[in-house]
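Asker: Pasting a structure here, questions to come.
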């Protein structure tokens, strides 16, 4: 397993960069984050930059019904293979960005999830070799317009319900060198702990997911797999703040706003 590092993307003086985070200090790098990046020798202080999502995925594949505790609570059958959907690139959101409710689409749900970031092209890889293709891990809020999902009885609208603008916050960093089976995810809504679950409760482990999904489609560097959510996901009201934390990765925090509030703030 690779050495533990925390990679961030940032904006500073109108320019975008990336590097490794050491406490409050960013060691700036250049090149390709996923292919032998090199240190520039320059450093920046974390408070002096705006953190961006640590990766801009080419695609996000997101799991449904992957945690046994939630399946047991909801009475869901065990899937024989991973059940997943995709989230549109226009849904990606930076740490600290505002999740905006689409007008008239009803209940909006937060879902704290572990995000797996691919670092090396994976096509039909074995489970044993799968982690060689993983760069690291970050946090995600898989936001959902719950009432849209099954509004049409003839067609489940997974992509639409999950892909409204701002519905995929990612961050704050990509942590390398972690063992995903030891991680615990916690989600707070307005300071109240709502989710606290072990990643080890997942039905399909990270290596198995990477292997199986790579047999469906080629996974490219920067692609992200969302491992699904567990007990405690729920609705949020405009004005709420959602924080998702995984030890070693850090805390992803985003405010949730009604569309009219966001428009006023931007004007």
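The values are calculated or read from the model by the stated rules, or taken from the named source; none is laboratory data. These figures come from a predicted structure and were not determined experimentally. Cβ placement follows ideal geometry from the backbone for every residue including glycine, while neighbour counts extend to all protein chains displayed.
Asker: Which condition number does residue 108 fail, the rest of (1) exposed (fewer than 14 other Cβ atoms within 10 Å of the Cβ); (2) more than 27 Å from residue 47 (Cα to Cα); (3) touching a strand residue (DSSP E or B) at 6+ places or on another chain (Cβ under 7 Å) being met?
Answerer: For residue 108, the failing item is (1).
Asker: A further question on this structure: As an exercise: evaluate residue 100 against (1) modelled with pLDDT of 95 or more; (2) over 18 Å from residue 226 (Cα atoms); (3) surrounded by fewer than 23 Cβ atoms within 10 Å (Cβ to Cβ) and give the number of the one condition it does not meet.
Answerer: (3) is the only condition that residue 100 fails.
Asker: Given 209, 178, 185, 193, which one is within 30 Å of residue 35 (Cβ to Cβ), in a strand (DSSP E or B), assigned by TED's automatic domain parsing to the domain that holds residue 83 and touching a strand residue (DSSP E or B) at 6+ places or on another chain (Cβ under 8 Å)?
Answerer: One residue alone meets the criteria, 185.
Asker: Identify the single condition in (1) free of Cβ contacts under 8 Å to residues at least 12 places away in the same chain; (2) surrounded by 23 or more Cβ atoms within 10 Å (Cβ to Cβ) that residue 216 does not satisfy, given that it satisfies every other one.
Answerer: (2)
Asker: Out of (1) surrounded by fewer than 20 Cβ atoms within 10 Å (Cβ to Cβ); (2) in a loop (DSSP other than H, G, I, E, B); (3) within 20 Å of the chain's Cα centre (by Cα), the odd one out for residue 54 is which?
Answerer: Condition not satisfied by residue 54: (1).
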